[in-house]
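First up is the structure itself, then whatever we jot down about it.
The values are calculated or read from the model by the stated rules, or taken from the named source; none is laboratory data. All figures in this text were calculated on a predicted structure; none of them were measured in a lab. Neighbour counts are summed over all protein chains in view; Cβ atoms, including those assigned to glycine, are modelled from backbone coordinates with ideal geometry.
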């Protein structure tokens, strides 16, 4: 295959610049912030805003990610990135300077670093056993590019010009306020002899009388004037430098530059995974299907929560789930603060990350390739919205159902809490009937137990408590019929009507 991108298998693929609407609900914004931390210069966020739309594109990225698990290749690619970063820093510095020849020298050094980076990468890639289509085609491209007349000429000219500039040696004759510059004529340098002669008089630490040079890259007007005189002594060399800089403004190969940015998507994600691996949490390469909705995950977890708990040095509870046959909808009930919303977020995170072609949090996973992902999380009532909270909820859900297809995923968290239980049951059933008609995948976190047994498409999951201690959560989400207690417990906790709170009020 002809190489064009290390991220996209097809030339038709495009990148989204806007963060998806569901990111905040699923805490995916926190995850992407953690992944891209320290790599702002690469502007990686749009790559994480763009899920893939076919299985081959996902497998293309998974292959590349597996290749990069080779420590040798990983370090080689990181080294290439460091060289390219140094090149950009040289160019930035050149742009900040004022004097012509100094700017040109920084530009020459930037090109030299680029040539070295390309040459070393080609050599490094030849030593690695690559398996992925992306890396194999990239290696072929880079090998051909490094052998091209254009690159060979650029590297040869860069190195020759650098050597010529180093060979331009000169002497300064300073008298009063006048400086005379002439070519170096092999005069003897007596500084070493003088230092050796007076070394025997040195006793302990002594005051240093040497001049201290300012440690900054800019030149003052005196230095610039000297450099102009040196250029007049070596007109051929500095004329070549002028022509070189004008001719090689666009020296950077476009495909190589794109690779330098895109490969950081994988580097950043693998470094993110390693952070979890140090605590014993695993990621896996999921099987992804665009037709089979029988999904499962073993030891899945919410990556945003896991990162927070790692910082706090607190334990994390993983959960398993699966759908078989005609099952499509998880209805999650149970007491507050028991992990229900975390489970819903985990479900969404896993499917989204799998859609990026990335490993997902868990030991093993089979997931569905969705076309659209929708979330409906409870929002605070807006006093400026005169339609009311219930009407706002109904409007949002209607919009989601109008846009959803059979290949979509919907994640709903605590719907219809602003109305009576009777109305919530009625409205909840109507919404679930439409979701079942669409035959899409859904997670519904709710206090309405009746929704858990509507049909064979619904699966009841319950967040559990420690046996004998209803106030302590296990954060385990298990398959079992809704027990009818979640609503009462949730309402009692919300309004301070639990047994313990009532006793405290009576005593006071």
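Picking from 29, 67, 95, 33, which residue would you name as being over 25 Å from residue 410 (Cα atoms) and free of Cβ contacts under 8 Å to residues at least 40 places away in the same chain?
Working: 29 fails: over 25 Å from residue 410 (Cα atoms); 67 fails: free of Cβ contacts under 8 Å to residues at least 40 places away in the same chain; 33 fails: over 25 Å from residue 410 (Cα atoms).
Residue meeting the stated conditions: 95.
Looking only at segment 95-139, count every residue that is under 28 Å from the mean Cα position of the chain (by Cα), farther than 30 Å from residue 59 by Cα and surrounded by fewer than 17 Cβ atoms within 10 Å (Cβ to Cβ) and tell me the total.
1
Is there a residue in segment 73-83 that is under 24 Å from residue 250 (Cα atoms) and in a loop (DSSP other than H, G, I, E, B)?
no
Only residues that are outside any helix (DSSP H, G or I) and over 17 Å from residue 74 (Cα atoms): list them for segment 102-152, please. Can you show your working first?
To start, the set of residues in segment 102-152 that are outside any helix (DSSP H, G or I) comprises 126-132, 148.
Result: 148, single match.
List pairs: first residue in segment 257-274 and on the phi > 0 side of the Ramachandran plot, second residue crowded, with 22+ Cβ neighbours inside 10 Å anywhere in the structure, Cβ distance under 6 angstrom, at least six positions apart or on different chains.
Cβ pairs passing all conditions: none.
Can you give me the ranges of the strands (runs of 3 or more DSSP E) entirely in segment 279-352 with at least 1 residues that are at pLDDT below 95? Full working, then the answer.
Numbers: elements: 287-289, 296-300, 319-322, 329-333.
Filter on segment 279-352 gives 329-333.
Would you call residue 230 surrounded by 12 or more Cβ atoms within 10 Å (Cβ to Cβ) and either outside any helix (DSSP H, G or I) or modelled with pLDDT of 80 or more (or both)? Full working, then the answer.
Values: surrounded by 12 or more Cβ atoms within 10 Å (Cβ to Cβ): yes; either outside any helix (DSSP H, G or I) or modelled with pLDDT of 80 or more (or both): yes.
Criteria met by residue 230.
Consider segment 1-38. How many of its residues are farther than 18 Å from residue 357 by Cβ and surrounded by fewer than 18 Cβ atoms within 10 Å (Cβ to Cβ)?
Of the residues in segment 1-38, 12 are farther than 18 Å from residue 357 by Cβ and surrounded by fewer than 18 Cβ atoms within 10 Å (Cβ to Cβ).
Can you name the number of the only condition in (1) in contact with a strand residue (DSSP E or B) (Cβ under 8 Å, 6 or more places away or on another chain); (2) touching a residue at least 60 places away in the same chain (Cβ under 8 Å); (3) buried (at least 17 other Cβ atoms within 10 Å of the Cβ) that residue 357 fails?
The failed condition is (1).
Could you run through segment 233-245 and say how many residues are surrounded by fewer than 20 Cβ atoms within 10 Å (Cβ to Cβ) and farther than 20 Å from residue 152 by Cβ?
7
Only residues in segment 395-424 that are assigned by TED's automatic domain parsing to the domain that holds residue 342 count as the first member; pair them with residues that are surrounded by fewer than 20 Cβ atoms within 10 Å (Cβ to Cβ) and modelled with pLDDT under 95, Cβ under 7 angstrom, at least 6 apart or cross-chain, and list the lot.
413/377; 413/378; 414/378; 416/427; 417/378; 418/389; 418/390; 419/390
Suppose we filter segment 468-503 for residues that are more than 41 Å from the chain's Cα centre (by Cα) and either farther than 18 Å from residue 331 by Cβ or at pLDDT 90 or above (or both); how many remain? Outline the logic, then answer.
Here is the first cut: in segment 468-503, the residues more than 41 Å from the chain's Cα centre (by Cα) are 468-469, 483-485, 488, 492, 495-503.
Among the residues that remain, those that are also either farther than 18 Å from residue 331 by Cβ or at pLDDT 90 or above (or both) are: 468-469, 492, 495-503.
Within segment 468-503, residues that are more than 41 Å from the chain's Cα centre (by Cα) and either farther than 18 Å from residue 331 by Cβ or at pLDDT 90 or above (or both) number 12.
On the given criteria, is residue 262 loosely packed, with under 15 Cβ neighbours inside 10 Å and either assigned to a helix (DSSP H, G or I) or at pLDDT 95 or above (or both)?
Details: loosely packed, with under 15 Cβ neighbours inside 10 Å: no; either assigned to a helix (DSSP H, G or I) or at pLDDT 95 or above (or both): yes.
Against the criterion (loosely packed, with under 15 Cβ neighbours inside 10 Å and either assigned to a helix (DSSP H, G or I) or at pLDDT 95 or above (or both)), residue 262 does not qualify.
Within segment 39-49, can you find the residues that are buried (at least 20 other Cβ atoms within 10 Å of the Cβ) and either in a loop (DSSP other than H, G, I, E, B) or not assigned by TED's automatic domain parsing to the domain that holds residue 84 (or both)?
Across segment 39-49, the qualifying residue is only 44.
Residues being surrounded by fewer than 16 Cβ atoms within 10 Å (Cβ to Cβ) and in contact (Cβ under 8 Å) with a residue 24 or more places away in the chain: count how many of those fall in segment 71-85. It would help to see each step written out before you state the result.
Within segment 71-85, the first condition is being surrounded by fewer than 16 Cβ atoms within 10 Å (Cβ to Cβ), and the residues that meet it are 71-72, 75, 78-79, 82, 85.
Checking the rest, the ones that are also in contact (Cβ under 8 Å) with a residue 24 or more places away in the chain come to 72, 78-79, 85.
The number of residues fulfilling the criteria is 4.
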